[in-house]
Amino acid sequence: MASYAMKRFQQYKNSIFIFTVSLFFVYSNSYAKSINTKPIEPDILQYIHNSWHDLTRTATNCGTYQDSKVANSPILYLPYHYPITPEILKLKNTCHINVANLPRAIKHIGDIKTNELESAGLLYLPYPYVVPGGRFNEMYGWDSYFIILGLLHDGETQLANNMLENYFFEIEHYGTILNANRTYHLSRSQPPFLSSTILAVYHTQQIHDQAWLQRAYHYAKKDYNQWVTAPFLAGNTHLSRYYDVEQSPLVEEKAYSSYYDKILLYIKKHPRLSSFYVNPKHKNMLSNDFYQGERSLRASGFDITARFGTFGEKTHYYAPVCLNSLLYKTEKDLALIAMLLHKNSEAQAWEKKATQRKKAMVKYLWNKKSGLFLDYDFVNKKQSSYHYATTFYPLWAGLASEEQASALEKNLSLFEQPGGLAVSDRESGVQWDKPFGWAPIELLAVQGLSQYGYKEDAHRIAEKFYLTIKKDFSNNHKIFEKYNVVDKSSAFTTSLGYEENVIGFGWTNSTYLIFDDLLKAPIA
């Protein structure tokens, strides 16, 4: 018995030893992994969370005034007769900037011409705001809607509210929601997402303040009215167009001296284009119509695409699908807000406007044969043949019929790539065309498809773009403005226009967060 007991005790000691050694290796390996390889998902979510603060700018932060797009010394412009506080005056010494008021009040776009100001500068905004990233060191018009969605999603509600208040401030003091708060953007706006922003803030925070909603409604109406009056009307179509009121070279492209040289060289090789493109009095300059169209392209946010001409120079000739979808959505949103404010007759008037716009969009923009919404050239009275992913905006806006939605879903293959939706099905050599995919288009298309019941398509496309970002982040530890969705990377080369893939990046951060939640939920 004694020998048996000793034998069992020895076996017990051996098993304890083996168990202890095993635990040691398990924990050693676990610890090694924890210090050598970090899981991708927590890192990218932390990156995004930190980015909101890294990309936040305020009037009292010296980094706010940096602008790589122009060469002059920094200057801050405040609205006409707006008080220059001691805190603002201190910036002259602490940030080495000049401070001045605008020469007169602005009620509408174009009230102050950009060449009236001695130097280009930053336009004052009273509240903190998140910039997209990189060379885009200001608060942008349509970027900010997507950034605000991300902030709300990530619990940064105060920062989201601040940015909405800056929207209101721009309308009040600069005549519109600007392309961005720089003086060289005083001549144009960007795609109108204000009503969508108001409702996102309202619903996320469950605001029950009628006075707040009434003030938001006031600014949303002012923003809308700009788009439905001349010169923003697309002829007699009852639709609207993107438009910049000035006709001169872009100030912000002066940092890229070869930009216009490349365009002029292209025209020399294609002399049939000269009548439209070249200034008849100055052969080394482009025509006023060219500059206005190119500026209007910047107002669209899609700079640069060949969708509105080789260089986007005929943007102001088109009633575009994207803009008119947004205006339909605005009309429906304003009807809802009017109802919430118990303004029933106004709500009915907004519904009537939405019905009229939908009718015009079907007449001019829907192409039953191709099963796509296409932009309409109202100058030459013909539909574009350019297939563009904004064709899915009517799904997001809720204006497409079930038949149109089915046709659009069948056309996903025109745009769908291994890494998400390419913005077009043509490679033009510029950034807003194939092979590139952009977060705002991915998000609106996914939400639109889901809204019409195409949940599996929405899930698949969201997953493709989400994994493209995630995989690229594991290699570069950064998030970018756009992605090559053909090869699923942030690799970027173009033949004209912007020459870098900007790091940041506001709307990509937001889209990743929204897709992260979508993909965790079961497909309904």
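The table below lists the values:
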| quantity | calculated |
| --- | --- |
| Net charge, S495 excluded, C-beta distance under 15 Å - Lys, Arg +1, Asp, Glu -1 | -2 |
| Protection proxy ranking of 156-164, 302-310, 472-480 - average other beta-carbon atoms within 10 Å, highest first | 302-310, 156-164, 472-480 |
| Kirkwood-based Rg to Rh ratio, the chain, C-alpha trace | 1.07 |
| Normalised convex hull volume, the range 251-315, alpha-carbon set, Å³ per residue | 84 |
| Point-charge dipole on Cβ atoms (K/R +1, D/E -1) for the range 262-408, about Cα centre, debye to 20 | 600 |
| Point-charge dipole on Cβ atoms (K/R +1, D/E -1) for the range 251-315, about Cα centre, debye to 20 | 260 |
| Partnerless cysteines, meaning none of the other Cys C-beta atoms lie under 4.7 Å away, in the chain | C322 |
| Efficiency of FRET between K382 and K478 - r from beta-carbon atoms, R0 45 angstrom, step 0.05 | 0.55 |
| C-alpha long axis of helix 506-520 to longest principal axis of the chain, angle in ° | 50 |
| Options P126, Q348, L102, ranked by Cα towards positive dipole end of the chain, top entry (Cβ charges) | Q348 |
| Dipole of the chain [Lys/Arg +1, Asp/Glu -1 at C-beta], most positive-end residue of F465, W142, G155 | F465 |
| Vicinal HN-Hα couplings computed from phi for the range 206-223 (Karplus, 6.51 cos²θ - 1.76 cosθ + 1.60; Hz; Gly/Pro x) | 6, 6, 10, 8, 5, 5, 4, 5, 5, 5, 4, 4, 4, 6, 5, 5, 4, 5 |
| Total charge dipole magnitude, the chain, about the Cα centre, Cβ charges on Lys, Arg, Asp, Glu only, Debye to nearest 20 | 740 |
| Packing rank of 515-523, 360-368, 462-470, where each peptide gets the mean count of other beta carbons within 10 Å, highest leading | 462-470, 360-368, 515-523 |
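Read-outs: derived from the displayed coordinates by stated rules, not from any lab. From a predicted model like this one, the values you see are computed outputs, not experimental measurements. Every residue, glycine among them, receives a Cβ derived from its backbone with ideal geometry; neighbour counts consider all protein chains shown.
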